[in-house]
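J.: The structure is given below, and queries will be raised subsequently.
The values are calculated or read from the model by the stated rules, or taken from the named source; none is laboratory data. What you see is a predicted model; the values in this text were computed from it and never measured. Cβ coordinates were reconstructed from backbone atoms using ideal geometry, including for glycine residues, and neighbour counts include every protein chain displayed. Protein only, heavy atoms only, side chains kept; ligands, DNA and RNA dropped before computing areas. Shrake-Rupley method; radii C 1.70, N 1.55, O 1.52, S 1.80 Å.
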Amino acid sequence: MDRIQAMRAFVATVDHGSFAKAADILDLSRPVLTRLVSGLEDSLGAKLLHRTTRRLSLTESGERFLEACRNVFSLLDEAESDLSQQTQCPKGVLRLSAPMAFSLLHLEPVIAEFMSTYPSIEVDMELADRRVDLVEEAFDLSIRIAHELEPGLIARRIGGTALVTCASPEYLQVNGLPETPDDLRTHECMGFSLARRNSWSFWENDKVRYVDVRGRFKSNNGIFLAKLAESGKGIVQLPCFIVNEALREKRLVTVLKDYQPPNLDIFCVYQSREYLPQKVRLFIDFISEYFSRNCQKIVTLKSA
């Protein structure tokens, strides 16, 4: 039995939740993959997976061994990356998660140029506004846009963007112009459904103040929120990279200009500083340098 192949079969089965899906990913037949995992359990003398007709789950031994497998693959990936660096041919699959709106509006040229620069690196990219678990979901890195990150995350800041509170001229004509953040309580304020709190933030007297808001509509997609705001359905507070064009064309107008929301930072979040694969290091350096070069084209992004 090829021990490394069996370990990869085990990890793929856990990551994808079934033998069938893991077999497809690894381009193996299901019986072969099942034999690999069973053979691994026999050689270890321990049961790694609980199997039922509906689902798979890890045993306590399986949880410990899964972590060990990931450490082994990280070391192998690092060794492969070091060798690739020596031969001037970086390669491997880069698994990346990034926010939907930011990706659609700004990441396509970055990814295209990165893949042209490093033709042996494959990119597997998920567009998702949820906060992914890099280890559990086997992502190499994720791009996060936030005021701050949770303690303990390993990240590098690659840029920043301003938030804008805005609405359509038609909405303001009908509902009036809010003059202070407190006035938002009487308005339709459309927000992110994934936000931790139903409030918007503003700088006031050199302090950040949070104002509770309400509205009939929420979404996990900023582009959709902006389009609904353009149609006159309410006020939004969104990153500049989403609403800049609408502001320039007067489809949206800024409100509460004297009350600026705190800026957002843009981060690359990754698993480990100690065993950072070359493909991850190259991408982080590349995207940082790209946004530095294109900060005039992408007005809302400023070099870190």
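J.: Of the residues that make up the range 55-75, is at least one polar (S, T, N, Q) and at pLDDT below 90? Full working, then the answer.
T.: As a first pass, look at the range 55-75 and keep what is polar (S, T, N, Q): 57, 59, 61, 71, 74.
When the remaining residues are screened for being at pLDDT below 90, the result is 74.
Yes: the range 55-75 contains one or more residues that are polar (S, T, N, Q) and at pLDDT below 90.
J.: Considering only residues that are at pLDDT 90 or above and aliphatic (A, V, I, L, M), which ones fall in the range 83-104?
T.: V93, L94, L96, A98, M100, A101, L104
J.: Any chance the range 63-73 includes a residue that's open to solvent by 40 Å² or more (accessible area, probe 1.4 Å) and in a loop (DSSP other than H, G, I, E, B)?
T.: Checked against the condition, which is being open to solvent by 40 Å² or more (accessible area, probe 1.4 Å) and in a loop (DSSP other than H, G, I, E, B), the range 63-73 yields no hits at all.
J.: Which residues, taken from the range 270-288, are open to solvent by 30 Å² or more (accessible area, probe 1.4 Å), at pLDDT below 85 and of a type outside the set (G, A, S)?
T.: Across the range 270-288, the qualifying residues are Q271, R273, E274, Y275.
J.: What number of residues within the range 89-117 are out of contact with any helix residue (DSSP H, G or I) (no Cβ under 6 Å at 6 or more places or on another chain), open to solvent by 30 Å² or more (accessible area, probe 1.4 Å) and under 27 Å from A79 (Cα atoms)?
T.: 8
J.: Please tell me if A138 is more than 20 Å from V11 (Cα to Cα), surrounded by 15 or more Cβ atoms within 10 Å (Cβ to Cβ) and not charged (D, E, K, R). It would help to see each step written out before you state the result.
T.: Numbers: more than 20 Å from V11 (Cα to Cα): no; surrounded by 15 or more Cβ atoms within 10 Å (Cβ to Cβ): yes; not charged (D, E, K, R): yes.
Judged against the criteria, A138 is not a match.
J.: Take the residues in the range 193-240 that are more than 21 Å from M100 (Cβ to Cβ) and among the acidic types (D, E), then tell me which one is modelled with the highest pLDDT.
T.: Checking each candidate, the answer is D212.
J.: With I154, I145, I158 as the choices, which residue is in contact (Cβ under 8 Å) with a residue 40 or more places away in the chain, open to solvent by less than 20 Å² (accessible area, probe 1.4 Å) and within 22 Å of the chain's Cα centre (by Cα)?
T.: Working: I154 fails: open to solvent by less than 20 Å² (accessible area, probe 1.4 Å); I145 fails: open to solvent by less than 20 Å² (accessible area, probe 1.4 Å).
After applying the criteria, what remains is I158.
J.: Restricting to strands (runs of 3 or more DSSP E) lying wholly in the range 82-180: which have 1 or more residues that are farther than 20 Å from K227 by Cβ? Full working, then the answer.
T.: Values: elements: 92-98, 121-127, 141-146, 154-161, 163-167.
Passing ranges, in order: 92-98, 121-127, 141-146, 154-161.
J.: Conditions: (1) free of Cβ contacts under 8 Å to residues at least 12 places away in the same chain; (2) farther than 27 Å from E245 by Cα. G176 meets all but one. Number of the miss?
T.: (2)
J.: Next question. Quick one: S120 ticks every box in (1) open to solvent by less than 40 Å² (accessible area, probe 1.4 Å); (2) farther than 16 Å from C268 by Cβ; (3) over 13 Å from the mean Cα position of the chain (by Cα) bar one, so which box is it?
T.: (1)
J.: Contact list please: Cβ distance under 6 Å, first residue in the range 30-58 and touching a residue at least 40 places away in the same chain (Cβ under 8 Å), second residue surrounded by 13 or more Cβ atoms within 10 Å (Cβ to Cβ), pairs at least six apart or on different chains.
T.: If the second residue must be surrounded by 13 or more Cβ atoms within 10 Å (Cβ to Cβ), the pairs left are L56/L49.
Every residue, every condition in (1) assigned to a helix (DSSP H, G or I); (2) open to solvent by less than 40 Å² (accessible area, probe 1.4 Å); (3) β-branched (V, I, T); (4) over 17 Å from L66 (Cα atoms), yes or no:
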position: A6; (1), (2), (3), (4): yes, yes, no, no
position: F10; (1), (2), (3), (4): yes, yes, no, no
position: T13; (1), (2), (3), (4): yes, yes, yes, no
position: K21; (1), (2), (3), (4): yes, no, no, yes
position: D24; (1), (2), (3), (4): yes, no, no, yes
position: L28; (1), (2), (3), (4): no, no, no, yes
position: L33; (1), (2), (3), (4): yes, yes, no, no
position: V37; (1), (2), (3), (4): yes, yes, yes, no
position: S43; (1), (2), (3), (4): yes, no, no, no
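J.: Those residues that are assigned to a loop (DSSP other than H, G, I, E, B) and more than 17 Å from E136 (Cβ to Cβ), I need them from the range 46-60; list them, please. Walk me through how you get there before you give the answer.
T.: Within the range 46-60, the first condition is being assigned to a loop (DSSP other than H, G, I, E, B), and the residues that meet it are 46-48, 52-55, 59.
A46, K47, T52, T53, R54, listed by residue number.
Residue-by-condition table, conditions (1) at pLDDT below 95; (2) farther than 23 Å from F192 by Cα; (3) small (G, A, S):
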residue: A79; (1), (2), (3): yes, yes, yes
residue: I111; (1), (2), (3): no, yes, no
residue: D129; (1), (2), (3): yes, no, no
residue: V132; (1), (2), (3): yes, no, no
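J.: Of the residues R30, R55, which is at negative phi and in contact with a Phe, Trp or Tyr (Cβ under 8 Å, 6 or more places away or on another chain)? Write out each step before concluding.
T.: Details: R55 fails: in contact with a Phe, Trp or Tyr (Cβ under 8 Å, 6 or more places away or on another chain).
After ruling out the rest, the residue left standing is R30.
J.: Restricting attention to strands (runs of 3 or more DSSP E) lying wholly within the range 185-267, give those where 1 or more residues are open to solvent by 40 Å² or more (accessible area, probe 1.4 Å) and in contact with a Lys or Arg (Cβ under 8 Å, 6 or more places away or on another chain). Please lay out each step first, then the result.
T.: Working: elements: 189-192, 199-204, 207-212, 235-239.
Hits in the range 185-267: 189-192, 199-204, 207-212.
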